[in-house]
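Reading through the structure tokens given below for one structure.
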Amino acid sequence: MAIDATFWVAISFLIFIGILFYLKVPQKVNEILNNLIKEIKNEIDESEKLRKEAKILLDNAQKKLDTAQDASNEIIDQAKKESDKLIIDLNDKFHKSSEIKKNLAKNKIDQIKNAALKEIKDASVKIAVDSVKKIITTSVDSSKLDNLFQKNLDETKEELKKINS
């Protein structure tokens with residue numbers, strides 16, 4: 001049997017494997033890999049916890065956002081109702097105010113009208129009394145009396161025209 005190079009390569013390979021087992025290299029590699037696996041698992045667990053916490057925070061934020069949106073919608077609805085009510089109240093007040101002003105203007109017109117009528121009556125009575133005085137004081141013949149009457153009548157008409165205009 002001839003010992004050739006392949007035999008020595010096989011022997012050196014077995015010695016190398018023996019040394020690896022003697023130095024417990026596979027166990028150390030196994031420990032290193034197990035440690036890496038544990039670290040990766042811990043990182044995965046940590047990231048899972050963080051994901052769950054983030055989901056909880058997101059859910060809470062969404063609830064707060066929904067609550068805030070509902071509150072803002074409620075405030076907007078309330079503001080619309082109040083503005084509509086305010087508009088109706090202001091409209092009613094405006095109509096009442098305009099009605100009061102209309103009635104005041106009507107009352108003033110009536111007062112002015114009554115005052116003008118009273119003034120006309122007073123002027124008519126004064127003219128009539130003055131005419132009667134003149135007639136009595138100037139008792140003259142009937143033609144002069146007719147002329148005087150016509151003159152007083154014309155004066156009365158003129159005075160009434162002045163009062164009316």
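Being part of a helix (DSSP H, G or I), modelled with pLDDT under 90 and surrounded by 10 or more Cβ atoms within 10 Å (Cβ to Cβ) holds for only one residue in K106, K64, K133, and it is K133.
The one condition from (1) modelled with pLDDT under 90; (2) surrounded by 10 or more Cβ atoms within 10 Å (Cβ to Cβ) that D141 does not meet is (2).
Does segment 11-24 contain at least one residue that is loosely packed, with under 10 Cβ neighbours inside 10 Å and outside any helix (DSSP H, G or I)? Within segment 11-24 (the criterion being loosely packed, with under 10 Cβ neighbours inside 10 Å and outside any helix (DSSP H, G or I)), the answer is no, since none of the residues qualifies. In segment 67-82, the count of residues that are within 30 Å of I163 (Cα to Cα), in a helix (DSSP H, G or I) and either of a type outside the set (S, T, N, Q) or in contact (Cβ under 8 Å) with a residue 12 or more places away in the chain (or both) is zero.
The values are calculated or read from the model by the stated rules, or taken from the named source; none is laboratory data. All values reported here derive from a predicted model rather than from experimental measurement. Don't worry about glycine lacking a Cβ; one is built from the backbone with ideal geometry, like all the others, and counts go over all protein chains shown.
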